[in-house]
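Accompanying notes for the structure given below.
The values are calculated or read from the model by the stated rules, or taken from the named source; none is laboratory data. Since the model is a prediction, treat every value here as computed from it, not as a measurement. Glycine also receives a Cβ, built like all others from the backbone with ideal geometry; neighbour counts cover every protein chain displayed. Heavy atoms of the whole protein, side chains included, go into the accessibility calculation; ligands, DNA and RNA do not. Shrake-Rupley method; radii C 1.70, N 1.55, O 1.52, S 1.80 Å.
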Amino acid sequence: MGNVIKKLVVGLVVGGALVGVTRALEFPVVFQMMFFAYALLGAAVFILLDAPSLKPMSGGKSLIAILVFYVVLCAVYIAGASMWPQYDPEDEKGKIEKLLKAKRAASEVGKAEELIARAKALDEQTKALADRLKALGIEQASVVQGSGGAGAPPSTAGGGDLMKLGAEQWELQECYNCHKLKGEGGKKRGPELDNIGSYMTVEDIKTKILDPKSWMAEGFDKEYAKGKMPDKYKDLMEDADVVALASWLVTFKNTAVNTPKPIKKK
């Protein structure tokens, strides 16, 4: 009996140590429980090795014993599997579709901005040519007027599209898991951002997204040292997506919310 207790204690100690390590590494609770269960299972196996041998069974008793063992084993496996995180494939498909849709929208916005820039350049060239002709004494007033009308950049709702794309990136990149904004989301690993626009520019926020070590929120020294903000967005996001997200965040200037002051580290 003493040997059984000793092995059980060893199993509990090993299980507790595994739970401590996995918790320090921020494993999900289900995985912490799984490691603890594995430690107890190992202890149970070693205890069974010292157990007396079962009496031989035959006939109906052996068949019933096998069936009971099979039912218990199935119940354990099914119960264990049900504790694992469940993922909905349709939900994942929806996220992928939103990412692709955002990238397509970003590309359309980029094309529109390129056309506007080219129109402005042509307009400037036309005006410069008209000034040179006037200097030579050639009357080109009608040409200048027509060129100015044709070269003027068209009106666009690009600003609204940019804000919409920024809000979509906030959702798609799941920034709300670490940051609280508009009273929603978590703030255990990252600061609230309702007043971030009062402290940082679009370029500052963009730099922080692409290089998390470039800025640190005041009072978040431990989180900064542990690298709580993942250094992955430079690979996951297009430049247009980062600009859109930064442009959207910089509009939040709610001074009633205590957003920590950003500290430049690089």
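So for the range 153-170 (the condition being modelled with pLDDT of 90 or more, crowded, with 16+ Cβ neighbours inside 10 Å and aliphatic (A, V, I, L, M)), does at least one residue qualify? Yes, the range 153-170 contains a residue that is modelled with pLDDT of 90 or more, crowded, with 16+ Cβ neighbours inside 10 Å and aliphatic (A, V, I, L, M).
Take the range 8-33 and flag every residue that is aliphatic (A, V, I, L, M) and in contact (Cβ under 8 Å) with a residue 40 or more places away in the chain. Selection gives Val30, Met33.
Just to verify a result, which residue in the range 225-241, among those that are without any contact (Cβ under 8 Å) to a residue 60 or more places away in the chain and within 13 Å of the chain's Cα centre (by Cα), is nearest to Glu26 (Cα to Cα)?
In the first step, residues of the range 225-241 are kept if they are without any contact (Cβ under 8 Å) to a residue 60 or more places away in the chain; the result is 225-232, 234-235, 239.
Applying the additional criterion that residues be within 13 Å of the chain's Cα centre (by Cα) yields 228-232, 234-235.
Values: Lys228: 11, Met229: 14, Pro230: 14, Asp231: 17, Lys232: 18, Lys234: 24, Asp235: 23 Å.
Out of the qualifying residues, it is Lys228.
Summed over the range 207-235, residues that are over 17 Å from Lys180 (Cβ atoms), outside any loop (DSSP other than H, G, I, E, B), in contact with a helix residue (DSSP H, G or I) (Cβ under 9 Å, 6 or more places away or on another chain) and open to solvent by 40 Å² or more (accessible area, probe 1.4 Å) total 5.
Residue count for the range 242-266 under the criterion of being surrounded by 12 or more Cβ atoms within 10 Å (Cβ to Cβ), within 22 Å of the chain's Cα centre (by Cα) and part of a loop (DSSP other than H, G, I, E, B): the result is 4.
Note on the range 198-239: residues that are over 15 Å from Gln169 (Cα atoms) and either acidic (Asp, Glu) or touching a Leu at 6+ places or on another chain (Cβ under 7 Å) (or both) total 7. Scanning the range 30-65 for residues that are within 23 Å of Gly80 (Cα to Cα), open to solvent by 90 Å² or more (accessible area, probe 1.4 Å) and modelled with pLDDT of 85 or more turns up Met33, Tyr38, Leu41, Phe46.
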